[in-house]
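Chemist: For reference, the structure I am asking about is given below.
The values are calculated or read from the model by the stated rules, or taken from the named source; none is laboratory data. Model, not experiment: these values are computed from the prediction. In this analysis, Cβ positions are derived from the backbone assuming ideal geometry, glycine residues included, and neighbour counts consider all displayed protein chains.
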Amino acid sequence: MSALDVELEISGMTCASCATRIERKLNKLPGVEATVNYATEKARVRADGVEAAELIAAVES
């Protein structure tokens, strides 16, 4: 499986700590480097060996 470079739109963040929590959750996945921007409600994710569905599931939880 090749590296996945994706930008996720994230709605429902009510504060900067929400963005931090989501970023931490994504970065705990193996092979994932993520940054979440509260102002733009987007996450830039580079994932190696992880499917997009796994990233979305991590954000939703």
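Chemist: State all residues of segment 3-16 that are assigned to a loop (DSSP other than H, G, I, E, B) and more than 15 Å from residue 55 (Cβ to Cβ); if no residue qualifies, say none.
Modeler: If the condition is that a residue be assigned to a loop (DSSP other than H, G, I, E, B) and more than 15 Å from residue 55 (Cβ to Cβ), then 11, 12, 13, 14, 15 are the ones that fit.
Chemist: Is it the case, given these coordinates, that residue 59 is among the β-branched types (Val, Ile, Thr), surrounded by 14 or more Cβ atoms within 10 Å (Cβ to Cβ) and at pLDDT 95 or above?
Modeler: no
Chemist: Here is a check on your reading of the model: is residue 3 surrounded by fewer than 13 Cβ atoms within 10 Å (Cβ to Cβ), at pLDDT below 95, out of contact with any strand residue (DSSP E or B) (no Cβ under 8 Å at 6 or more places or on another chain) and not β-branched (Val, Ile, Thr)?
Modeler: no
Chemist: If you don't mind, another one. Please go through segment 17-56 and give me each residue that is under 16 Å from residue 4 (Cα atoms), at pLDDT 95 or above and part of a helix (DSSP H, G or I), ordered by number.
Modeler: Matches in segment 17-56: 26, 27.
Chemist: Please enumerate the residues belonging to segment 7-30 that are closer than 10 Å to residue 47 by Cα and either out of contact with any strand residue (DSSP E or B) (no Cβ under 6 Å at 6 or more places or on another chain) or in contact (Cβ under 8 Å) with a residue 24 or more places away in the chain (or both).
Modeler: 26, 29, 30
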